[in-house]
Amino acid sequence: MNGAAAPERSPSASPPPPSPAQAPPPASPTQPLEWRFSQVFGERSAGEEVQDVDIISAIEFNKSGHHLATGDRGGRVVLFEKTDVKDHACRKDAEKADYSISRHPEFRYKTEFQSHEPEFDYLKSLEIEEKINQIKWCQAANSALFLLSTNDKTIKFWKVQEKKVKKVSEMNLDRTTAAANGSPSGVGYLSPSLANGNALKPGGYALLRMPVVVTSQETSLAASCRRVYAHAHDYHINSISNNSDGETFISADDLRINLWNFEISSQSFNIIDVKPTNMEDLTEVITSAEFHPTHCNTLAYSSSKGSIRLVDLRQSALCDTHSQIFEQHEAPGSRSFFTEIIASISDIKFSKDGRHILSRDYMTLKLWDVKMNSGPVATFQVHEYLRPKLCDLYENDSIFDKFECCQSGDGLRVATGSYSNIFRVFGVGTGSNEATTLEATRNPTRRQLQNPTRAARSLNTLTRAVRRGGESTGIDANGNSYDLSTKLLHLAWHPSENLIACAAANSLYMYYA
């Protein structure tokens, strides 16, 4: 391109051997994905008021990606299933086409059921909300679906399957005899004799016929609660996680983690207990817990101090000691009143291969290598423009919002939510600078943040002045307005496709790339 001719080389000439000291060329960074709107369920119209019970509080794809479950604050679980290619194009059209049909996954409504009801604990005079905190899919069997759902206190094991509808083929009355007794259409055919004061004739009961019930070809989905795991937590359950052995799962609250067997609902084993003898000595609580995806003896749990502990269940029955701890030490002189609050981890997720752990605190998204506990391998700033507003966020309690995180099946990208119903997608590949901002609307790319996000920045010293009545709206560093009252807390990444499902209030949005 600079005008100089490239030197010609003989076709028979072999390329020069590589120098021993020459390093292999670096892997080219993956190209940023172009995200598009796919579907929306429960979209609200302009000005429509959202009921609190309809707000989505949990999202989870199953392992195959063929089903998606959502839970809401009203205690309901809604299931969606992946539509087949044959639903979009007939076989003849597919055969005529000179290219293979490749569509992004689409889902349709399958069924819903009431998982939890509001309860009242009379011993503690405490109301227990019906809100679904988490949903976890279990192994399917015999075309039936199984899943766990939990509110603050009770975990339930559900089975969802198709059942053939049974119908009554014949009425249980002999209409001809009934008409002869003076009762047309067989309605109340015994009443004339009773009205005349006469006793029922002998053999009158023989006129009654048993109903004939037949099984039709129609099917309906039925959800049945198989087991209830209750009375094991004094504090609110924040996490449940299935073990890869398919037989056990854990449930975690602020101070304890319990191990359950799916078949036994009457007892559980307390494997982690961080409750001090004197509650005044309490310095941190458990915020999230998850089993390793392939090693049934390994689990990780996070704390309000920003640390992640890896535990080996083979070490002892009560796993008070951890095998590894992952934490990032704060820079000298950077501590402020809000340092510990924003360091609290709200969610952790193992990567599909179990080699990394993704964690989300209030300001950042961090990726950890399970074999390297010196610090995160990558840190992504989610909404750095809010750092000067921490006083206001503390006043209106937004600083305590719990955002979830997720990772793509190939491990190349991570995602998490923020305010104004936006979520951010970051590339974690070598040399990747991908940092995409999407809004949970039909036009997801109408607002883009261009601020750098790769480098981790130390906490700035913040003013201690407290201002009352923090604003819920404002302007970020790029001139875009933000709204703290609309927050995208829950999202999930399809296990094998570049498809993200996220919740904006009562609406479920899906985006593909």
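The values are calculated or read from the model by the stated rules, or taken from the named source; none is laboratory data. In this text the structure is predicted, and so the values were computed from the model without any measurement. Positions of Cβ are generated from backbone atoms using ideal geometry, with glycine treated the same way; all protein chains shown enter the neighbour counts. The protein model used for the area step is the full one, side chains on, heavy atoms only, and it has no ligands, DNA or RNA in it. Shrake-Rupley method; radii C 1.70, N 1.55, O 1.52, S 1.80 Å.
Ligands, DNA and RNA excluded, the heavy atoms of residue 260 present near 10 Å² of accessible surface to a 1.4 Å solvent probe.
Counting Lys and Arg as +1 and Asp and Glu as -1 over every other residue whose Cβ lies under 11 Å from the Cβ of residue 346, the net charge comes to -2. What nm value, rounded to one decimal, do you get for the distance between residue 314 and residue 231 when each label is placed 7 Å out toward the C-beta? For residue 314 paired with residue 231, the spin-label model returns 3.6 nm. Taking only the alpha carbons of the stretch 32-73, we obtain Rg and Dmax values of 13.8, 38 Å in that order. Would you kindly state how much longer the chain becomes between residue 81 and residue 336 on full extension, computed as 0.36 nm times their sequence separation minus their alpha carbon distance, in nm to one decimal? 87.1 nm is the gain from fully extending residue 81 to residue 336. At a probe radius of 1.4 angstrom, the accessible area of the stretch 112-155 per residue rounds to 53 square angstrom. If you wrap the tightest convex hull around every Cα atom of the stretch 325-457 and split its volume per residue, you get 121 Å³. At R0 = 51 Å, how high is the FRET efficiency between residue 323 and residue 45 if r is their beta carbon distance? Nearest 0.05 is fine. Working from the Cβ atoms, E equals 0.45. Among the listed pairs 63/349; 82/167; 275/349; 136/163, those whose Cα-Cα separation exceeds 26 Å are 82/167. Each principal axis of the stretch 237-365 carries a Cα extent, and these read 51, 38, 24 Å when sorted largest first.
Tally Lys and Arg at +1 and Asp and Glu at -1 over the other residues with C-beta under 9 Å from the C-beta of residue 150: what net charge comes out?
Details: positive: 136, 153, 156; negative: 152.
Residues close to residue 150 contribute a combined charge of +2.
Average projection, convex hull of the Cα set of the stretch 268-330: 5.3 square nanometres. Computed from the C-beta positions of residue 266 and residue 112 and an R0 of 25 Å, the FRET efficiency is 0.30 to the nearest 0.05. Electrostatic tally near residue 502: other residues with Cβ closer than 12 Å to its Cβ, Lys and Arg +1, Asp and Glu -1, net 0. For residue 270, the residues whose modelled amide H falls within less than 5 Å of its own, excluding neighbours fewer than 5 places apart on the same chain, are 259.
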